[in-house]
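Student: One structure follows; several queries about it will come next.
The values are calculated or read from the model by the stated rules, or taken from the named source; none is laboratory data. The structure displayed is predicted, hence computed values, not measured ones. Glycine also receives a Cβ, built like all others from the backbone with ideal geometry; neighbour counts cover every protein chain displayed.
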Amino acid sequence: MSQTDLVTGAYGYSGTYLRRRLETAGHTVRTLTDHPPADADIEVFPFAFDEEGALEAAFDGVTTFYNTYWTRYEPSGTSHLQAVTNSAKLLRAAARAGVERVVHLSITNPDAGSFYAYYRGKAEVEDLVTAGGMSYAIVRPGVIFGGDDILLNNIAWLLRQFYVFAIPGDGCYRLRPVYVEDLADLCVGLGESRTDTVVDAVGPESFAFKDLVAAIADAVGTVFRPVHLPPAVVSMALRGLSLLTRDVVLTRDEIDGLMAELIMVEGEATCPTALTDYLRDNSDRIGREYRSELARRKPSPAPAFT
């Protein structure tokens, strides 16, 4: 009999790649989601957070739990505090059902004392994972690229659409991108182990933000005309852009987190694919269309996935 694993948001962004990797490995996959596609070809359970017995039933017979559940920003309908509470329910249900292993997608530099509620909540959930009674791997990606990624694709879209590009501050703050398929490979590999571990999921390259935008502009064949502005002014401009895109392009907290290098870590690469190689190979399609976070969540925007 094949092993059964559960991926939260198995039809979401990172969850899709996890699902495909597990299926290729011969595993049976099921999911918890509030956004199943009409043609879902795996067993689907809803996020019944008010019925922990129903949550436990979703984990019945599951060996490894791949957890991508989170919320990006509080206006999406779920606060970070509620997302922590919901995560605790998921972990309790998995442990009661006898799940052996949890592979939890967190974020680089989670911090219970952070100014940013997203990072405080991520730190709280990591504590829940380590105390949950299951063997665990905590995986900490920063900016994820590839496929239908949002941030890097939408940078390319902005470069294609507008004459100038607004850079908050000096643009010298750094980030370290990771390829989504490498991330899935790393997670599935860690799912086979029973050793407790915490791993930064990072690629081989780091960039100052202004250099990252310049690299994307060069790849897609546009002229990069940076305009350096105070973060508050960029945030106001993005709120205006949100009216055009009917989406939340980037929140002020996300701008501040970027400038604080919360998505930058040092150390050896744990994922092999270089962003510059990806940009070269995909330059014809990156940024051709705007990718909306909110549109992905229809009909209900409440939960989000890493």
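Student: Would you say Val164 is surrounded by fewer than 17 Cβ atoms within 10 Å (Cβ to Cβ) and either of a type in the set (A, V, I, L, M) or touching a residue at least 60 places away in the same chain (Cβ under 8 Å) (or both)? Write out each step before concluding.
Tutor: Numbers: surrounded by fewer than 17 Cβ atoms within 10 Å (Cβ to Cβ): yes; either of a type in the set (A, V, I, L, M) or touching a residue at least 60 places away in the same chain (Cβ under 8 Å) (or both): yes.
When the stated conditions are applied, Val164 passes them.
Student: Please work out if Val103 is surrounded by 16 or more Cβ atoms within 10 Å (Cβ to Cβ), assigned by TED's automatic domain parsing to the domain that holds Tyr69, touching a residue at least 40 places away in the same chain (Cβ under 8 Å) and not in a strand (DSSP E or B).
Tutor: No, not satisfied.
Student: Under 6 Å between Cβ atoms, at least 6 apart or on separate chains: pull out the pairs that start in the range 108-132 with a residue that is assigned by TED's automatic domain parsing to the domain that holds Thr71 and end on any residue that is modelled with pLDDT under 95 and acidic (Asp, Glu).
Tutor: Tyr116/Asp253
Student: Confirm whether Val180 is surrounded by 17 or more Cβ atoms within 10 Å (Cβ to Cβ) and not basic (Lys, Arg).
Tutor: Considered against the rule, which asks whether it is surrounded by 17 or more Cβ atoms within 10 Å (Cβ to Cβ) and not basic (Lys, Arg), Val180 comes out as yes.
Student: If you don't mind, there's one more thing I want to ask. Go through (1) assigned to a helix (DSSP H, G or I); (2) within 22 Å of the chain's Cα centre (by Cα); (3) free of Cβ contacts under 8 Å to residues at least 60 places away in the same chain and name the single condition Leu243 misses.
Tutor: (2)
Student: Let me ask another. Of the conditions (1) assigned to a helix (DSSP H, G or I); (2) loosely packed, with under 15 Cβ neighbours inside 10 Å, Lys89 fails just one. Which one is it?
Tutor: Single failed check for Lys89: (2).
Student: Taking the range 150-164, which residues are under 20 Å from Glu261 (Cα atoms) and in contact with a helix residue (DSSP H, G or I) (Cβ under 7 Å, 6 or more places away or on another chain)?
Tutor: Ile150, Leu152, Ile155
Student: If a residue has to be in contact with a Lys or Arg (Cβ under 7 Å, 6 or more places away or on another chain) and not in a strand (DSSP E or B) to count, how many in the range 6-50 make the cut?
Tutor: Number satisfying all stated conditions: 4.
Student: Shifting gears a bit: Might you let me know whether the range 196-211 holds any residue that is without any contact (Cβ under 8 Å) to a residue 60 or more places away in the chain and of a type in the set (A, V, I, L, M)?
Tutor: yes
Student: Looking at the range 89-108, is at least one residue within 26 Å of Leu238 (Cβ to Cβ), under 19 Å from the mean Cα position of the chain (by Cα) and among the polar types (S, T, N, Q)?
Tutor: Here is the first cut: in the range 89-108, the residues within 26 Å of Leu238 (Cβ to Cβ) are 105-108.
Cutting the leftovers down to under 19 Å from the mean Cα position of the chain (by Cα) gives us 105-108.
Cutting the leftovers down to among the polar types (S, T, N, Q) gives us 106, 108.
Yes, the range 89-108 has at least one match.
Student: Name the residue, out of Ala232, Ala217, that is surrounded by fewer than 17 Cβ atoms within 10 Å (Cβ to Cβ) and of a type outside the set (Lys, Arg). Full working, then the answer.
Tutor: Details: Ala217 fails: surrounded by fewer than 17 Cβ atoms within 10 Å (Cβ to Cβ).
Of the residues listed, the single one that is surrounded by fewer than 17 Cβ atoms within 10 Å (Cβ to Cβ) and of a type outside the set (Lys, Arg) is Ala232.
Student: Right, something else. Go through Gly147, Gly171 for me and flag whichever is under 26 Å from Thr276 (Cβ atoms) and touching a residue at least 60 places away in the same chain (Cβ under 8 Å).
Tutor: Numbers: Gly171 fails: touching a residue at least 60 places away in the same chain (Cβ under 8 Å).
Going through Gly147, Gly171 in turn, just one is under 26 Å from Thr276 (Cβ atoms) and touching a residue at least 60 places away in the same chain (Cβ under 8 Å): Gly147.
Student: Let me ask something additional. So if I check each of Leu212, Leu190, which one is modelled with pLDDT of 95 or more and either among the acidic types (Asp, Glu) or under 22 Å from Gly169 (Cβ atoms) (or both)? Break it down stepwise before answering.
Tutor: Details: Leu190 fails: either among the acidic types (Asp, Glu) or under 22 Å from Gly169 (Cβ atoms) (or both).
Only one candidate passes the filter, namely Leu212.
Student: Criterion first (of a type outside the set (Phe, Trp, Tyr) and touching a helix residue (DSSP H, G or I) at 6+ places or on another chain (Cβ under 8 Å)) does Ala38 satisfy it?
Tutor: no
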